[in-house]
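Visitor: Please find one structure pasted underneath; my questions will follow.
The values are calculated or read from the model by the stated rules, or taken from the named source; none is laboratory data. Worth saying up front: this structure is predicted, and the values here are computed from it rather than measured. Counting neighbours? That spans all protein chains shown, and the Cβs are built from the backbone with ideal geometry, glycine included. The protein model used for the area step is the full one, side chains on, heavy atoms only, and it has no ligands, DNA or RNA in it. Shrake-Rupley method; radii C 1.70, N 1.55, O 1.52, S 1.80 Å.
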Amino acid sequence: MKKLCVIGDPIDHSLSPVIQNAMIAAAGLDFAYGACRVAGAETARWLARAKAEGYGGFNATMPHKENLVPLVDELDREARQLGAVNTVAIRGGVAYGYNTDGRGFLRALVEAGMGPAGKDVLVLGAGGAARAVVHKLVEAGAETVVANRTVERAEKLCAEFGATACDFSAQTLSEYAAKSDLVVNCTNLGMTGVAGQFEDLSFLECLPAHAGVYDLIYSPRKTALLERAERLGLQNSNGLGMLIWQGVFALEHFADETLDEAALGAAARAALEGLE
């Protein structure tokens with residue numbers, strides 16, 4: 001049996017074991033997936049341990065994604081462009097680093113009926129999650145604006161991927177929302193266990209009636225941002241789809257083969273519904 005896991009600190013909240021084990025069972029793979037708490041300073045030591053103990057691979061969440069970039073033996077194009085690794089597959093003692101976040105986001109967005117091609121998109125936040133999102137939005141042909149409290153951070157991100165930066169003031173958000181087809185929240189505002197909410201959601205009222213709102217947060221299932229969007233009659237979705245699809249693509253890397261992605265996605269959703 002091939003051992004797999006997700007590493008992070010903290011890690012107890014992770015839904016990856018539930019999702020992955022459900023998909024593993026659906027695919028009939030001889031894998032077992034767990035969770036390991038690994039401190040940020042222990043990334044290199046963990047990688048050596050995973051190789052020594054015969055792990056087939058692991059997923060990585062904070063604070064390991066950037067740490068893994070110089071540590072893996074081979075880095076794929078996406079991980080190199082983003083400067084972050086969320087999936088490590090170990091084959092023959094060689095650690096291959098991948099990033100499935102962007103692909104997972106794009107697949108979930110399309111699945112939710114909010115495909116970004118040719119659209120004007122307003123992205124909230126310029127952190128690690130935003131990098132994967134902005135990269136895929138621009139790649140898909142969306143005119144992308146990134147709003148962040150620290151404008152310099154947004155400018156740096158936008159310079160890399162060909163987007164436009166702006167500040168996070170209510171007035172600026174309202175101005176850009178008025179000409180946006182989609183808003184994507186990449187901040188942690190509204191997340192369970194995180195102090196802080198959006199101070200002003202009135203910018204959502206400026207969105208056109210056809211616009212959509214996608215929140216990367218999935219706990220709670222309906223953030224204040226999504227609740228307001230729903231009250232305004234706007235199409236909206238949380239980040240569960242992204243969580244599932246990045247996991248599907250990660251499992252394909254672990255298995256080193258193309259799997260029945262639709263069946264895996266269905267198995268993951270059924271497992272999550274069982275937790276409610």
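Visitor: So which residues in the range 187-219 are outside any helix (DSSP H, G or I) and aliphatic (A, V, I, L, M)?
Guide: The answer is L189, M191, V194, A195, L201, L207, A209, A211, V213, L216, I217.
Visitor: As an exercise: evaluate F203 against (1) aromatic (F, W, Y); (2) touching a helix residue (DSSP H, G or I) at 6+ places or on another chain (Cβ under 8 Å); (3) in contact (Cβ under 8 Å) with a residue 40 or more places away in the chain and give the number of the one condition it does not meet.
Guide: (3)
Visitor: Same structure again: Between a first residue in the range 182-193 that is closer than 17 Å to A132 by Cβ and a second residue that is surrounded by 19 or more Cβ atoms within 10 Å (Cβ to Cβ) and of a type in the set (F, W, Y), which pairs have beta carbons less than 6 Å apart while being 6 or more apart in sequence or on different chains?
Guide: Taking only residues 6 or more apart or on different chains, the pairs are V184/Y214.
Visitor: Another one. Residue check, L75 against (1) free of Cβ contacts under 8 Å to residues at least 24 places away in the same chain; (2) farther than 23 Å from Q246 by Cα, all met but one. Which one?
Guide: Every listed condition holds for L75 apart from (2).
Visitor: Search the range 135-146 for residues being within 21 Å of H210 (Cα to Cα) and not acidic (D, E), and hand back the single one that is surrounded by the most Cβ atoms within 10 Å (Cβ to Cβ).
Guide: So the first thing to find is which residues in the range 135-146 are within 21 Å of H210 (Cα to Cα), and the list is 137-138, 140-146.
Among the residues that remain, those that are also not acidic (D, E) are: 137-138, 140-142, 144-146.
Values: L137: 27, V138: 18, A140: 18, G141: 12, A142: 23, T144: 26, V145: 25, V146: 29.
Filtering the range 135-146 for residues that are within 21 Å of H210 (Cα to Cα) and not acidic (D, E), the one surrounded by the most Cβ atoms within 10 Å (Cβ to Cβ) comes out as V146.
Visitor: Please determine whether any residue of the range 257-274 is over 30 Å from G97 (Cβ atoms), over 21 Å from the mean Cα position of the chain (by Cα) and open to solvent by 10 Å² or more (accessible area, probe 1.4 Å).
Guide: Yes.
Visitor: Step by step: first the residues of the range 150-162, then only those that are among the hydrophobic types (A, V, I, L, M, F, W, C) and farther than 11 Å from R131 by Cα, then the one that is surrounded by the most Cβ atoms within 10 Å (Cβ to Cβ). Which residue is that? Walk me through how you get there before you give the answer.
Guide: Within the range 150-162, the first condition is being among the hydrophobic types (A, V, I, L, M, F, W, C), and the residues that meet it are 151, 154, 157-159, 161.
Then drop every residue that is not farther than 11 Å from R131 by Cα, which leaves 151, 159.
On the way: V151: 17, A159: 10.
Applying the filter and picking the extreme gives V151.
Visitor: Here are A50, A95, A26: which of them is within 17 Å of K3 (Cβ to Cβ), modelled with pLDDT of 95 or more, touching an Asp or Glu at 6+ places or on another chain (Cβ under 9 Å) and not polar (S, T, N, Q)?
Guide: Every option except A95 fails the conditions.
Visitor: Can you name every residue in the range 222-239 that is of a type in the set (A, V, I, L, M, F, W, C) and either within 20 Å of F58 (Cα to Cα) or not in a helix (DSSP H, G or I) (or both)?
Guide: Once the filter is applied, which keeps residues that are of a type in the set (A, V, I, L, M, F, W, C) and either within 20 Å of F58 (Cα to Cα) or not in a helix (DSSP H, G or I) (or both), the range 222-239 yields L232, L234.
Visitor: When the residues of the range 167-181 are narrowed to those that are open to solvent by less than 10 Å² (accessible area, probe 1.4 Å) and without any contact (Cβ under 8 Å) to a residue 60 or more places away in the chain, which ends up farthest from E139 (Cα to Cα)? Give the steps one after another, and end with the answer.
Guide: Looking only at the range 167-181, we keep the residues that are open to solvent by less than 10 Å² (accessible area, probe 1.4 Å), and these are 173, 177, 180.
Filter once more, keeping what is without any contact (Cβ under 8 Å) to a residue 60 or more places away in the chain: 173, 177.
Values: L173: 23, A177: 21 Å.
Out of the qualifying residues, it is L173.
Visitor: Just need a number here: residues in the range 136-186 that are touching a His at 6+ places or on another chain (Cβ under 6 Å) and assigned to a loop (DSSP other than H, G, I, E, B).
Guide: Taking the range 136-186 as the starting set, the residues that turn out to be touching a His at 6+ places or on another chain (Cβ under 6 Å) are 161.
Okay, now just the ones that are also assigned to a loop (DSSP other than H, G, I, E, B), so none.
Counting residues in the range 136-186 that are touching a His at 6+ places or on another chain (Cβ under 6 Å) and assigned to a loop (DSSP other than H, G, I, E, B) gives 0.
Visitor: Still on this structure: Need a quick list: strands (runs of 3 or more DSSP E) entirely within the range 1-88 having at least 2 residues that are of a type in the set (D, E, K, R), surrounded by fewer than 19 Cβ atoms within 10 Å (Cβ to Cβ) and more than 18 Å from the chain's Cα centre (by Cα).
Guide: Values: elements: 2-8, 31-37, 55-60.
The qualifying strands (runs of 3 or more DSSP E) are 2-8.
Visitor: Looking only at the range 107-122, filter to residues that are without any contact (Cβ under 8 Å) to a residue 60 or more places away in the chain and part of a loop (DSSP other than H, G, I, E, B); which one of those is surrounded by the most Cβ atoms within 10 Å (Cβ to Cβ)?
Guide: Within the range 107-122, the first condition is being without any contact (Cβ under 8 Å) to a residue 60 or more places away in the chain, and the residues that meet it are 110, 115, 117-118.
Keeping just the survivors that are part of a loop (DSSP other than H, G, I, E, B) gives 115, 117-118.
On the way: G115: 16, A117: 9, G118: 10.
The extreme case among them is G115.
Visitor: Mind listing whichever residues of the range 240-275 are at pLDDT 95 or above and either part of a loop (DSSP other than H, G, I, E, B) or of a type in the set (F, W, Y) (or both)?
Guide: Once the filter is applied, which keeps residues that are at pLDDT 95 or above and either part of a loop (DSSP other than H, G, I, E, B) or of a type in the set (F, W, Y) (or both), the range 240-275 yields W245, F249, F254, D256, E257, T258, L259, D260.
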